[in-house]
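Note sheet for the following structure.
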Amino acid sequence: MFKKILIANRGEIACRVIKSARKMGIQTVAVYSDADANALHVSMADEAVHIGPPPANQSYIVIDNVMRAIRETGAEAVHPGYGFLSENAKFAEALAAAKVAFIGPPVGAIESMGDKITSKKIAQDAGVSTVPGYMGLIEDAEEAVKISQEIGYPVMIKASAGGGGKGMRIAWNDDEAREGFQSSKNEAASSFGDDRIFIEKFVTQPRHIEIQVLADSHGNCIYLGERECSIQRRNQKVVEEAPSPFLDAKTRKAMGEQACALASAVGYTSAGTVEFIVDGDRNFYFLEMNTRLQVEHPVTELITGVDLVEQMIRVANGEKLSITQKDVKLNGWAIESRLYAEDPYRNFLPSIGRLTRYRPPAETASETAVVRNDTGVFEGGEISMYYDPMIAKLCTWAPDRGAAIDGMRNALDGFEVEGIGHNLPFLSAVMDHEKFVSGDMTTAFIAEEYPDGFEGVTLDDRAVRRVAAAAAAMHRVAEIRRARVSGRMDNHERHVGRDWVVSAQGQNLGVSIDADHEGSTVTFSDGEALRVSSDWRPGDQLARLDIDGETLLLKVGKISGGLRIRSRGADLKVHVRTPRQAELAMLMPEKLPPDTSKMLLCPMPGLVVKLDVEEGDEVQEGQALCTVEAMKMENILRAEKKAVIARINAAPGDSLAVDEVIMEFE
Amino acid sequence: MKDILQELETRRDTARQGGGERRIDAQHAKGKLTARERIELLLDEDSFEEFDMFVAHRCTEFGMQEQRPSGDGVVTGWGTINGRMVYVYSQDFTVFGGSLSETHAQKICKIMDMAVQNGAPVIGLNDSGGARIQEGVASLAGYAEVFQRNIMASGVVPQISVIMGPCAGGAVYSPAMTDFIFMVRDSSYMFVTGPDVVKTVTNEVVTAEELGGASTHTRKSSVADGAFENDVVALAEVRRLVDFLPLNNRQKPPVRPFFDEVSRAETSLDTLIPDNPNTPYDMKELIEKIADEGDFYEMQEDFAKNIITGFIRLEGSTVGVVANQPMVLAGCLDIDSSRKAARFVRFCDAFEIPLLTLVDVPGFLPGTSQEYGGVIKHGAKLLFAYGEATVPKVTVITRKAYGGAYDVMSSKHLRGDFNYAWPTAEIAVMGAKGAVEILYRSELGDADKIAERTANYEDRFANPFVAAEKGFIDEVIMPRNTRKRICRAFASLRGKKLQNPWKKHDNIPL
């Protein structure tokens, strides 16, 4: 076995690889850029080598720099992780030349699978199902109908030069094919000056399902079941699971066998992934093969018990696979949620900065539940602008899908991340979405279910009541503590009452609390009673409550005059008041947030470097208004539409907070 | 007998009606609560004891003898906030627009006298159209009587003003002399002369909100210490503040049970200071990670943001915090931040609240506007305030402590009790670049030489050890252990006794 390996990557995957290597007794070498000098993977590894400035193209993907680190440390093998150099044939060649093992597939496999057309051709030859289509020239409508019939409806008729939906038609029968061909051709001619048309199978209700394969250099190849990755946002996977709720054993076997056939056809070794698109009738078609470890590999590990990184290292060391296909058993259900530093309320804009708080849920493993968190960050660490915005991969496992989802809900609720914008609330929303829960999803899930972006979650009445009961019980504890301050008038202490009104999410709920040593019974005005018990104490930012036997995790913060409570993707302002206070609060006018459509707000904390306009100037759409420097980057803020500058509230040199008004338009 | 008892109830009911239902509705329609409703929210349930409910004015001019409502436009008395005694007056806008008459003023004076005598804070809820014109000079005399009591009570009991409606003309000077002023957004304003007079005299056109609204006074003038969304939130937050304050200058700050580990380590503080000395970081993170339960009551949050002032608790007991904020103007001192912090330090010292100072200061802001504005004297206020303070003083230098600003920020030389520094501290007369440019003026043409000189200077002086060698820094501490070290420092200072020499009063550079 290797004595020392180098991990040519950063972040969570570098940490992940180090863990397996350490378990196997192999020493590890990390590489890092200037931006990662304090990163977790650097402190985890036995040795670390600096390989350049922050941008990846000057550090992590510079082959010479990585090769230098290998020479300096005497590493015998390199794990490339994913991204960066993982599918770079030149890197694999350089390693081979230096007689350093590449923990990945052979160069030839990387090359042949790296090209879309070549890989599709090889797949066809290996008997892998590909999207049927006709690439040749189509003479007329009748020929189009004939081809369509051969492919099988529905088909997509597309302009060769097309794009953006122009010159594209979907046909479900001969008439539509005839008509579609003609109109596509006309549209293509007028739009692109090129009327060439091609036809391929239209995949309805497409799902992204991929097969994990593992092959050794002795001709053995097995598949480790599938992963479903249909929950994607602009081709970026967000939630993955294994197995797929959609596949049956027969399809799984067929897909697995085809995946292995493809792997064998290119002489594949190591771990690899064959991606398929699957339609509503479980027809599946090859998309591409990823010749590396996938981000979402943990879900496969959780249901198969196979450590893929360990297997990759063993294969690279020339070992034979110790398991055969019949040893592969899919056990239970695993879900992965990718926690990104992207603000879902700001259209998933990447968010960078300091993690002022980072407390993932405890990793646990038992017969009935597993929580696993693959991460590369730590509290007090920095999310830098130079790399992928992924913070962590949170995985849960349980014997069945429902329990795995439930585990994920609680794990997300118990995940504390502050200091940057992140998608935790969105992930929670997905876990509660009925289509996801039923397993009825396609790759269009996010686009269709959140067409206008994500605006937070509205809790249903039952959930609001549970939060209200929790808030009331917590508020009572906090008020009793307040009433125990020193300097009280003897015998005239404040008596904390039992009746409260909780306002949350637009509802005012009257409750009475009867507390005893084990907890409190919170009774609503309609008679419903909830039993609340918790060890929460004032100041705890994470409250773990038991409400009628069900766990509820709340993130609790302070806002002016009340509490901020976050749970299940909802972000609530909660006020607990005495009935009289609540009655008076009802008299308070509702203040609408100011109309900011006529203002230029500062999008991030930063320094005004330059103002490009003056009051009274008329500006056109896209015109530069001012420059704000943040994180040493100059950001030019531009007019969203034609407008006249009414007022400028900032001057160069001013330091602004997020949402401060820079200027107002007429 | 029964009739006599009934008579009391009837009279009480009438008094509680204030200006009557129609005016109460009008008050509510403006989004404002009545004087009595406000008192209910401010005090513990059923704890209010009223004084002078039946006081009526004595004016006979302009037909005033026809209307003599009970209480005369202000509700006064005492009650408790979490069981601790406070005195309160609440002006009733529904009675003569809350205008101040001779008797109205007398009611306020009565409770202020009692507050000073009995050692409890005074909280004034202001909602008044101003002087009662019908009473003429008697009304002005009433104001002055209140002013005199504000002055006498200053430094004896905490005084808090909440502006919950108009507060104009002479009326502004009573709140102005109290310790803290809070305002309610959109429904309160304060000014010496209103928009009409402003227009006549200066030809400036300005709305009441722009001239003296909550945002003007919290951001521009610094007259107000905070602003809240509405009456209910404002009064809840005043309750929260009172929990931090001692009842008078003879008592120690209050202590309440706390649920936080005294020796809680925060490893994330080890990475708070960025690698690049010119990159800012948020000092509030440090404050919140030091504080019990992360609870911080900030004062003047929106003004002179380059310095942070406010209250936290350590081991359940109140501590005043002053901290440079590197996020704004690199945390430098200037006129506004010096004034803001000086007043806060003096409040803490007056009421025996220990002071924690967190330092990252590159110096004083240079420029003509600062010099012309008298930064010398304003800066001296903060220096003076720290120097005269006899309360326990603990200081932590996180990064820069340069030049005169180092001296000002509660340095060892100003009788600092514990002066700690993080390993990242740089205590020097100035930054390396500036120092080298002065020391090696003749070599300025030679960039390489200057770079070398700068590097040497940084090696020698950009650290806490030169100061520690001289004993100006008592100990260099690990950032992660800051809470524990500070808690222990204050714990050791609980018996501190320090007295300034007798004087009639000092002469702080006002």
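The values are calculated or read from the model by the stated rules, or taken from the named source; none is laboratory data. Remember, predicted model here, so these are calculated numbers, not experimental data. All Cβ positions, glycine included, derive from the backbone under ideal geometry; neighbour counts span all protein chains shown.
So which residues in region B:59-86 are touching a residue at least 40 places away in the same chain (Cβ under 8 Å) and within 14 Å of chain A (Cβ to nearest Cβ), if there are any at all?
Those that are touching a residue at least 40 places away in the same chain (Cβ under 8 Å) and within 14 Å of chain A (Cβ to nearest Cβ): B:78, B:79, B:81, B:82, B:84, B:85, B:86.
If I go through region A:535-555 residue by residue, how many of them are out of contact with any helix residue (DSSP H, G or I) (no Cβ under 7 Å at 6 or more places or on another chain) and either more than 14 Å from chain B (Cβ to nearest Cβ) or surrounded by 19 or more Cβ atoms within 10 Å (Cβ to Cβ) (or both)?
Of the residues in that region, 6 qualify.
Does region A:469-479 include one or more residues that are at the interface with chain B (Cβ under 9 Å from one of its Cβ atoms) and either in a helix (DSSP H, G or I) or within 27 Å of residue B:236 (Cα to Cα) (or both)? It would help to see each step written out before you state the result.
Of region A:469-479, the ones at the interface with chain B (Cβ under 9 Å from one of its Cβ atoms) are A:479.
From the residues that got through so far, the ones that are either in a helix (DSSP H, G or I) or within 27 Å of residue B:236 (Cα to Cα) (or both) too are A:479.
Among the residues of region A:469-479, at least one is at the interface with chain B (Cβ under 9 Å from one of its Cβ atoms) and either in a helix (DSSP H, G or I) or within 27 Å of residue B:236 (Cα to Cα) (or both), which makes the answer yes.
Can you go through A:560, A:512 and tell me which one is among the hydroxyl-bearing types (Ser, Thr, Tyr), surrounded by fewer than 19 Cβ atoms within 10 Å (Cβ to Cβ), in the same structural domain as residue A:471 (by TED's automatic domain parsing) and modelled with pLDDT of 95 or more?
A:512
Filter region A:346-376 down to residues that are within 14 Å of another protein chain (Cβ to nearest Cβ) and farther than 27 Å from residue A:552 by Cβ and give me whichever is modelled with the lowest pLDDT.
Top of the filtered list is A:352.
For region B:223-232, check the following and say yes or no: at least one residue is surrounded by 15 or more Cβ atoms within 10 Å (Cβ to Cβ), within 13 Å of chain A (Cβ to nearest Cβ), over 17 Å from the mean Cα position of the chain (by Cα) and part of a loop (DSSP other than H, G, I, E, B).
yes
Out of A:47, A:87, report the one residue that is more than 14 Å from chain B (Cβ to nearest Cβ), surrounded by fewer than 24 Cβ atoms within 10 Å (Cβ to Cβ), in contact with a strand residue (DSSP E or B) (Cβ under 6 Å, 6 or more places away or on another chain) and under 23 Å from residue A:386 (Cβ atoms).
Only one candidate passes the filter, namely A:47.
Quick check, is residue A:197 among the β-branched types (Val, Ile, Thr) and closer than 20 Å to residue A:285 by Cα?
For residue A:197, the condition - among the β-branched types (Val, Ile, Thr) and closer than 20 Å to residue A:285 by Cα - is not met.
Using beta carbons and a limit of 9 Å, which pairs, at least six apart or on different chains, have the first residue in region B:170-198 and more than 14 Å from every other protein chain (Cβ to nearest Cβ) and the second one among the acidic types (Asp, Glu) and surrounded by fewer than 24 Cβ atoms within 10 Å (Cβ to Cβ)?
B:189/B:209; B:195/B:204; B:195/B:210; B:198/B:204
Taking the stated definitions as given, is residue A:239 at pLDDT 90 or above, farther than 23 Å from residue A:442 by Cβ and aliphatic (A, V, I, L, M)?
No, not satisfied.
Please pick out the residue among B:108, B:160 that is touching a residue at least 24 places away in the same chain (Cβ under 8 Å), outside any loop (DSSP other than H, G, I, E, B) and closer than 24 Å to residue A:485 by Cβ. Reasoning before the result, please.
Working: B:108 fails: closer than 24 Å to residue A:485 by Cβ.
B:160 is the lone residue from the list that is touching a residue at least 24 places away in the same chain (Cβ under 8 Å), outside any loop (DSSP other than H, G, I, E, B) and closer than 24 Å to residue A:485 by Cβ.
Quick one: in region B:280-325, which of the residues that are under 13 Å from the mean Cα position of the chain (by Cα) and of a type in the set (S, T, N, Q) is farthest from the other protein chains (Cβ to nearest Cβ)?
If we take residues in region B:280-325 being under 13 Å from the mean Cα position of the chain (by Cα) and of a type in the set (S, T, N, Q), then B:309 is farthest from the other protein chains (Cβ to nearest Cβ).
Within region B:265-278, track down each residue that is β-branched (Val, Ile, Thr) and more than 8 Å from chain A (Cβ to nearest Cβ).
The one that is β-branched (Val, Ile, Thr) and more than 8 Å from chain A (Cβ to nearest Cβ): B:273.
Report, by residue number, each residue of region A:377-386 that is of a type in the set (Phe, Trp, Tyr) and either surrounded by 21 or more Cβ atoms within 10 Å (Cβ to Cβ) or within 14 Å of chain B (Cβ to nearest Cβ) (or both).
Matches in region A:377-386: A:378 only.
Would you point out which residue out of A:415, A:436, A:454 is touching a residue at least 60 places away in the same chain (Cβ under 8 Å), under 26 Å from residue A:572 (Cβ atoms), crowded, with 17+ Cβ neighbours inside 10 Å and not assigned by TED's automatic domain parsing to the domain that holds residue A:331?
Numbers: A:415 fails: not assigned by TED's automatic domain parsing to the domain that holds residue A:331; A:436 fails: not assigned by TED's automatic domain parsing to the domain that holds residue A:331.
Going through A:415, A:436, A:454 in turn, just one is touching a residue at least 60 places away in the same chain (Cβ under 8 Å), under 26 Å from residue A:572 (Cβ atoms), crowded, with 17+ Cβ neighbours inside 10 Å and not assigned by TED's automatic domain parsing to the domain that holds residue A:331: A:454.
Taking only pairs six or more apart or across chains, which ones have beta-carbon atoms under 6 Å, a first residue in region A:599-615 that is in the same structural domain as residue A:627 (by TED's automatic domain parsing), and a second residue that is of a type in the set (Phe, Trp, Tyr) and at pLDDT 85 or above?
Close Cβ pairs (under 6 Å, with a partner that is of a type in the set (Phe, Trp, Tyr) and at pLDDT 85 or above) do not exist here.
Looking at B:255, B:242, B:262, can you tell me which residue is more than 9 Å from chain A (Cβ to nearest Cβ), in contact (Cβ under 8 Å) with a residue 40 or more places away in the chain and surrounded by fewer than 16 Cβ atoms within 10 Å (Cβ to Cβ)?
Numbers: B:255 fails: more than 9 Å from chain A (Cβ to nearest Cβ); B:242 fails: surrounded by fewer than 16 Cβ atoms within 10 Å (Cβ to Cβ).
After applying the criteria, what remains is B:262.
Looking at region B:326-352, which of its residues are surrounded by 24 or more Cβ atoms within 10 Å (Cβ to Cβ), within 13 Å of chain A (Cβ to nearest Cβ) and outside any helix (DSSP H, G or I)?
Passing the criteria: B:326, B:351.
For the condition farther than 27 Å from residue A:203 by Cα, touching a strand residue (DSSP E or B) at 6+ places or on another chain (Cβ under 6 Å) and surrounded by fewer than 17 Cβ atoms within 10 Å (Cβ to Cβ), what is the one hit in A:325, A:311?
Working: A:311 fails: surrounded by fewer than 17 Cβ atoms within 10 Å (Cβ to Cβ).
After applying the criteria, what remains is A:325.
Name the residue that is nearest to the chain's Cα centre (by Cα), counting only residues in region A:587-601 that are surrounded by 12 or more Cβ atoms within 10 Å (Cβ to Cβ) and more than 9 Å from chain B (Cβ to nearest Cβ).
From region A:587-601, those surrounded by 12 or more Cβ atoms within 10 Å (Cβ to Cβ) are A:587-589, A:598-601; that's our starting set.
This time we only want the ones that are more than 9 Å from chain B (Cβ to nearest Cβ), so: A:598-601.
Details: A:598: 33, A:599: 32, A:600: 30, A:601: 28 Å.
Top of the filtered list is A:601.
Need the failing condition index for residue B:460 against (1) under 19 Å from residue B:472 (Cα atoms); (2) surrounded by 14 or more Cβ atoms within 10 Å (Cβ to Cβ), just the number.
Going through the list (1) under 19 Å from residue B:472 (Cα atoms); (2) surrounded by 14 or more Cβ atoms within 10 Å (Cβ to Cβ), residue B:460 breaks only (2).
Which of the residues belonging to region B:11-58 are within 14 Å of chain A (Cβ to nearest Cβ), in contact (Cβ under 8 Å) with a residue 24 or more places away in the chain and either in contact with a Lys or Arg (Cβ under 6 Å, 6 or more places away or on another chain) or part of a loop (DSSP other than H, G, I, E, B) (or both)?
Scanning region B:11-58 gives B:30, B:31, B:32, B:33, B:34, B:43, B:44, B:47, B:48.
For the subset of region A:465-480 comprising residues that are surrounded by 24 or more Cβ atoms within 10 Å (Cβ to Cβ) and among the small types (Gly, Ala, Ser), which member is nearest to residue A:563 (Cα to Cα)? Don't jump to the end; show me each part of the working.
Of all residues in region A:465-480, those surrounded by 24 or more Cβ atoms within 10 Å (Cβ to Cβ) come to A:467-474.
Now drop any that are not among the small types (Gly, Ala, Ser), which leaves A:468-473.
Numbers: A:468: 11, A:469: 13, A:470: 12, A:471: 8, A:472: 11, A:473: 13 Å.
Only one residue fits best here, namely A:471.
Restricting the search to region A:410-426, which residues are touching a Pro at 6+ places or on another chain (Cβ under 7 Å) and either closer than 20 Å to residue B:272 by Cβ or part of a helix (DSSP H, G or I) (or both)? Before you say what the answer is, go through the steps one by one.
Pass one, region A:410-426, residues touching a Pro at 6+ places or on another chain (Cβ under 7 Å): A:411, A:414-415, A:423, A:425-426.
Hits for region A:410-426 are A:411, A:425, A:426.
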